[in-house]
Amino acid sequence: MQLEGDAGTNASMGVNHDHDRSPGRIQESVSQAGFSVAIGNTQERYRCAASSTLLAGMEALARRGIPVGCRGGGCGVCKVLIESGTVRTEKMSRSHVSIQEQAEGYVLACRAYPQSDVSLKAVDKLARCIERSQARSPFLEAALATAARSRAA
Ligand code: FES
């Protein structure tokens, strides 16, 4: 895991220097744009461009359970632990991510941009929200079982 400091620039990372412009190659580059981000809590994976925050990419999954926060590094609701990979961070509230925590890999997803493939783990409120939303309610389980029985009959 590697963190790059506040508002640093990293112009060379994530830039495609491949000069092969054949149609198949261009399509492959478009479909593989961005980095792979794995969410350890839910085993989900999404693509996130170096110019997008980890939170924006997570929201693009269009799943329930992503809490709406300030998106500016102030409320702390989007705290994650970067388990592997490199991210560039912008200014974050020290009341939510201390210098010690940041050194350990904690960041606010709304202030972190992937610079490589990343594995992260949601912590605190974000973890509770996404893990709870992934669990199916007993009512949904019963409805799905009823639907499966009626299809089989
Ligand atoms: S959404 Fe508020 S700190 Fe990230």
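None of the figures in this text is laboratory data; all of them are computed from the coordinates on show. Everything quoted here is computed from the prediction, not taken from an experiment. Don't worry about glycine lacking a Cβ; one is built from the backbone with ideal geometry, like all the others, and counts go over all protein chains shown.
Observations
- Using a Förster distance of 22 Å, the FRET efficiency for Glu104-Arg128 (Cβ separation, nearest 0.05): 0.60
- Taking a sphere under 14 Å around the Cβ of Tyr106 and counting the other residues whose Cβ falls inside, with K and R at +1 and D and E at -1, yields a net charge of +1.
- 5 angstrom amide H check on Phe35, placed H, neighbours 5+ away: Cys48, Ala49, Ala50
- Sorting the segments 87-94, 75-82, 51-58 by their mean number of nearby beta carbons within 10 angstrom, highest to lowest, gives 75-82, 51-58, 87-94.
- Taking Lys and Arg as +1 and Asp and Glu as -1, the other residues whose beta-carbon sits under 15 Å from that of Ser95 total +3.
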